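Engineer: I have a structure here, written as structure tokens, and I will follow up with some questions on it.
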Amino acid sequence: MSDRPPMTAAGAARLRAELDRLRNAERPRVIRAIGEAREHGDLRENAEYHAAREEQSFLEGRIAEIESQLARAQVIDPASLGAGGRIVFGATVRLVDVETGEEHDYQIVGDLEADIAEGRLSVSSPFARALIGRHDGDTVTVRAPGGEREYEIVGVEYR
């Protein structure tokens with residue numbers, strides 16, 4: 001991964017929202033839980049205290065991870081790229097499976113924000129690499145675990 005991994009503006013906004021929730025809701029909740037558990041006496045045998053401390057450790061680790069990701073990321077607004085119909089990082093692509101006729105929408109995003117269930121493909125995935133540089137109307141063949149699949153590109157948007 002490069003020193004400045006690409007990230008869409010929407011991906012950065014999702015991370016900032018998670019960071020805000022962790023800092024302003026989860027962190028105070030865990031601190032209260034630790035305080036309440038301390039009031040129960042002997043900390044060596046206090047399962048609630050140890051569980052709350054472990055949760056605090058995971059929480060602080062996630063906060064640090066998100067802060068690092070946001071600090072390093074190169075945030076790219078796909079709408080400002082002026083790609084002229086060409087598929088580039090951040091583009092949302094509508095594909096039709098040539099064999100089945102099924103339509104799929106995918107956005108090409110950074111590795112840190114990829115989520116296939118949400119239709120976000122990692123820019124470094126073979127599927128996204130096969131799409132980059134293509135245009136609306138092109139047909140692309142993608143090697144998948146079940147064999148080669150052929151897709152027609154029927155739409156390219158920059159949101």
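Engineer: Could you size up the charge dipole of the chain around its Cα centre, putting +1 on the beta carbon of Lys and Arg and -1 on that of Asp and Glu, and report it in debye to the nearest 20? Working shown, then result.
Structural biologist: Numbers: 21 positive and 30 negative charges, 120 e Å.
Around 580 debye, computed over the chain.
Engineer: Using the alpha-carbon atoms, what tilt in degrees (0 to 90, nearest 10) does helix 9-21 show relative to the longest principal axis of the chain?
Structural biologist: In the chain, helix 9-21 runs at an angle near 10 degrees to the longest axis.
Engineer: Ok, one more. In whole Å, what is the distance between the alpha-carbon centres of the range 91-148 and the range 4-32?
Structural biologist: Value for the Cα centre distance between the two parts: 28 Å.
Engineer: If you fit an axis through the alpha-carbon atoms of helix 47-72 and take the longest principal axis of the Cα set of the chain, what angle between them do you get, 0 to 90°, nearest 10?
Structural biologist: Between helix and principal axis, roughly 40 degrees.
Engineer: With the contact rule set at Cα under 8 Å and sequence spacing of 6 or more, what percent relative contact order holds for the chain?
Structural biologist: The normalised contact order for the chain reaches 23 percent.
Engineer: Something else about it: Could you give me the radius of gyration and the Dmax of the range 6-76, taking only the C-alpha atoms into account and expressing both in angstrom?
Structural biologist: Values for the range 6-76 (Cα only, Rg and Dmax): 15.8, 52 Å.
Engineer: With the alpha-carbon atoms as the only input, what is the per residue convex hull volume for the chain in Å³?
Structural biologist: In the chain, the Cα convex hull volume per residue is 149 Å³.
Where a number appears in this text, it was derived from the coordinates with a stated rule and is not lab data. All figures in this text were calculated on a predicted structure; none of them were measured in a lab. Cβ atoms come from the backbone with ideal geometry, glycine included; neighbour counts cover every protein chain shown.
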